[in-house]
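The structure under discussion appears below in the form of structure tokens.
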Amino acid sequence: MASKIRVKKKESKVEQKISKNRISDILNVIFAYAQLNFKMKASVKGDESYMDAVATGINMLGEELQSSTVSLKEKEVLIREIHHRVKNNLAIISSLINIQSAKARDKYHKQLFNDCRNRLLSIAYIHQQLYFTNDYSKLDFAAYISDIINMIESTYSHEKVKISTDLQPVILNIDKAIPCSLILNELVTNCYKHAFKGMKSGKIISIVLKNKKGISELTVKDNGKGISVTKKEKESMGMSLINDLVHQLDGEIKWKNKSGTEARVKFNT
Amino acid sequence: MKKSKIETGVFSILMGDDNICRTIVKEKAEINLNDAKAATEAVIRLSDGEIGPILVDLKKIKSISKDAREHFTMKGRKAYVNAIGLVVKSPVSMLIGNFFQGINKSSVPTKLFTSEKKAILWLAKFV
């Protein structure tokens with residue numbers, strides 16, 4: 001009797017050891033899957049045990065996880081590629097407009113071509129920024145602003161204007177980023193076009209971007225001669241575009257005429 | 001009872017007089033995509049391409065690969081069966097059966113049974 005108990009105890013210890021090894025084997029496989037390493041598989045003995053079912057289940061879930069991880073990566077590559085292509089296509093269109101503008105016979109029409117080209121490029125740079133982010137749907141608008149400034153500066157390279165910036169990181173999704181980029185382009189372009197008539201030096205544009213509790217504030221200010229907003233609203237396409245875009249953002253715009261013109265756009269991020 | 005029978009490496013497939021096809025997974029079978037395709041071909045041959053219900057006895061299965069599971073979902077291809085009754089018993093077969101109810105859900109009604117009789121009763125409605 002005693003020897004039977006001893007044998008049973010020994011068998012039980014062996015079983016415990018086997019179970020422990022199998023659990024450890026399965027855990028290692030789970031750890032590997034957690035690290036997205038799908039090469040490992042839990043061993044299945046074919047003994048119709050519950051442990052076999054657990055091992056089989058882990059292996060099968062690993063295969064499914066691997067497959068969805070791969071398709072997720074493929075989607076990311078595709079979205080990245082789309083942003084890249086949209087940006088390139090817009091750049092091509094803007095180049096075509098540029099070529100066309102060279103044939104413009106007067107300054108007025110040349111300006112129209114330039115405005116159109118810069119609006120397109122404003123959108124193109126958004127797609128370029130998205131291409132470089134990991135998210136592909138959101139971007140830091142502060143990082144994007146330098147692209148816009150460079151673009152406008154190169155269009156008005158004959159003007160000596162200093163642009164100062166004070167930018168806080170503001171993360172925007174593409175739905176907000178595109179209208180915001182067009183607003184920025186219009187506001188800065190307006191400064192170049194209208195603010196500094198008659199000024200030879202000391203021309204300054206300041207751009208401030210702030211974000212507090214989900215409300216973003218974009219301010220563009222110049223030290224020029226100031227504008228009559230009412231008159232501009234009636235006449236300028238740029239101004240009506242700004243109003244439409246602010247409306248699209250569900251935001252508001254406030255104008256100030258004090259030592260130049262200040263436009264302050266507020267919207268929920 | 002049996003009209004005809006086809007043996008593949010991992011399945012025994014036969015057509016019953018009740019026009020319900022039976023697929024029995026052999027002991028410790030490790031099913032891959034080629035096995036799955038061979039089973040489909042055998043079912044089509046036994047049923048002369050007529051669509052009907054099928055009983056799959058998974059009781060002795062050891063494992064089944066992902067592509068084989070996907071093949072059996074019949075998504076993206078013509079389904080030659082209109083209902084699947086899965087007979088399970090061992091923990092592994094229960095687990096695999098449950099995959100066919102969720103992650104690898106078939107495009108036709110699929111039900112798990114622990115009794116072959118009950119499975120046949122349910123499948124008879126699809127004849």
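Just so you know, all these numbers are worked out from the coordinates, no wet-lab data involved. Everything numeric in this text was worked out from a predicted model, so none of it was measured. Cβ atoms come from the backbone with ideal geometry, glycine included; neighbour counts cover every protein chain shown.
With all pairs of different C-alpha atoms in the average, the Kirkwood value for the hydrodynamic radius of segment A:177-269 is 13.4 Å.
Across chain A, the mean sequence separation of Cα contacts (distance under 8 Å, 6 or more residues apart), normalised by length, yields a relative contact order of 12 percent. Rounded to the nearest Hz, the phi-derived 3J(HN,Hα) couplings of segment B:86-94 under the Karplus curve 6.51 cos²θ - 1.76 cosθ + 1.60 (θ = phi - 60°) are 9, 9, 10, 8, 5, x, 5, 5, 5, where x marks glycine and proline.
Over 25 Å between Cα atoms, which of B:K105/B:K125; A:K87/B:K75; A:K13/B:K62; A:K110/A:K197; A:K138/A:K203 qualify? If you can, show how the numbers build up before the last one.
Numbers: B:K105/B:K125 20 Å; A:K87/B:K75 37 Å; A:K13/B:K62 27 Å; A:K110/A:K197 19 Å; A:K138/A:K203 33 Å.
Violating the 25 Å Cα-Cα cut-off are A:K87/B:K75; A:K13/B:K62; A:K138/A:K203.
Close amide H partners of B:I64, meaning residues 5 or more places away or on another chain with modelled amide H under 5 Å apart, are B:I31. Sparsely packed loop sites in segment A:173-269 (the chymotrypsin sites (Phe, Trp or Tyr not before Pro) outside DSSP H, G, I, E and B with at most 15 other Cβ atoms within 10 Å) do not occur.
Rounded to the nearest 20 Debye, what is the dipole magnitude of segment A:114-178 about its Cα centre when Lys and Arg each give +1 and Asp and Glu each give -1 at the C-beta? Show your work: numbers first, answer last.
Details: 6 positive and 8 negative charges, 22 e Å.
I would put it at about 100 debye.
Taking all C-alpha pairs of the protein assembly as shown, those more than 36 Å from each other amount to 54 percent. Only helices reaching 30 angstrom along their own axis (Cα) with mean Kyte-Doolittle hydropathy no lower than 0.0 count here, and for the DSSP H runs of chain A these are A:50-101.
For peptide B:84-92, how many partner chain Cβ atoms fall within 10 Å of a residue's Cβ, on average?
On the way: counts 0, 0, 0, 0, 0, 1, 6, 9, 13.
What the average comes to for B:84-92 is 3.
Applied to segment A:253-269, the Karplus parametrisation 6.51 cos²θ - 1.76 cosθ + 1.60 on θ = phi - 60° returns per-residue 3J(HN,Hα) values of 10, 10, 10, 9, 10, 8, 6, x, 10, 10, 10, 10, 10, 10, 7, 6, 6 Hz, with x for Gly and Pro. Each Cα pair under 8 Å and six or more residues apart adds its separation to the average, and for chain B the resulting relative contact order is 24 percent. The H on the amide N of B:T110, modeled in the peptide plane, is under 5 Å from the matching H of B:I84, each at least 5 residues off or on a different chain.
Over all distinct Cα pairs, what is the inverse of the mean 1/r for segment A:1-76, reported as the Kirkwood hydrodynamic radius in Å? All intermediate terms of the calculation are to be shown ahead of the outcome.
Working: mean 1/r = 0.0696 Å⁻¹.
Its Kirkwood hydrodynamic radius stands at 14.4 Å.
In whole percents, the pair-distance distribution calculated for segment B:1-80 from its alpha-carbon pairs, binned every 10 Å from zero, is 19, 55, 25, 1.
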